[in-house]
Amino acid sequence: MMQKKSSAWAWFLVHIIFPLLPFVLECSIRLIVSNFTPRWDTFSGSTLAMSYGLLLVFIDQSLLNQISQSPLMNEDRIDEIKIWSNVLRSAVIFFYAPLFALCVGFEYLALFYPAIQAIAITLSECCDNIVVLSSVFVIPTSMIIRSIFKLRTVLA
């Protein structure tokens, strides 16, 4: 039986690219529908927030799997992994989940309540801006975590 080799590229594919696929697919569909005219409506903050939350959960699981795969790991290293894991979980629970709910809520209000449509659209765009700005932290942080802990994965 052949042993599969772990790879950093496979980790990037599974833990970064795969969680962002819903966002990329939705943007592609919206771009095609709008005759390849990029506008702010082409992008959905709620989908990106959900994708980032999923990305952080995947990275958290990768960190926790490293503990179970290395039983002889140093206690300080285990504590460091647990701290990062808690930071990632907190980001999902206290930032991306509420931001996702706000994005969806404001989009709903803008669609179904014409009396407050202008305010809801403005608030929705603010939430979208926050999600986009968080991109500056999410992707680089995930790559830093991967390099610090030398995370790898095996594609079957």
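Values quoted throughout were computed directly from the atomic coordinates according to the rules given, and no laboratory measurement underlies them. Please read all numbers here as calculations on a predicted model, not as lab measurements. Virtual Cβ from ideal backbone geometry, glycine too; neighbours counted across all protein chains shown.
Computed extension length for residue 25-residue 111: 28.7 nm, one decimal, from 0.36 nm per residue of separation with the Cα-Cα distance subtracted.
Across segment 19-34, coupling constants 3J(HN,Hα) worked out from phi with the 6.51/-1.76/1.60 Karplus curve, θ = phi - 60°, read x, 8, 4, x, 5, 5, 5, 4, 4, 5, 5, 5, 5, 5, 5, 8 Hz, and Gly and Pro carry x.
Taking only the C-alpha atoms, wrap a convex hull around segment 101-143 and report its volume per residue in Å³ as a whole number.
Looking at segment 101-143, the number lands at 50 Å³ per residue.
Computed from Cα positions, the angle between helix 97-112 and the longest principal axis of the chain comes to roughly 20 degrees.
Cβ-Cβ distance of residue 118 and residue 87, R₀ of 30 Å, FRET efficiency by 1/(1 + (r/R0)^6): the value works out to about 0.20. Each label point was placed 7 Å from the Cα along the Cα-to-Cβ direction; for residue 143 and residue 18 their separation is 2.1 nm. Residue by residue, segment 75-91 carries 3J(HN,Hα) couplings of 4, 5, 5, 4, 5, 5, 4, 5, 5, 4, 4, 5, 5, 4, 4, 5, 4 Hz when phi is fed to the Karplus relation 6.51 cos²θ - 1.76 cosθ + 1.60 (θ = phi - 60°); x denotes Gly or Pro.
Each part gets one Cα centre, and for segment 58-115 versus segment 33-55 those centres are 20 Å apart.
The simple Förster model, with R0 at 35 Å and r as the Cβ-Cβ distance, assigns residue 35 and residue 76 a FRET efficiency of 0.05.
Dimensions of the chain from C-alpha coordinates, computed as largest minus smallest value along each principal axis and given longest first, are 62, 32, 23 Å.
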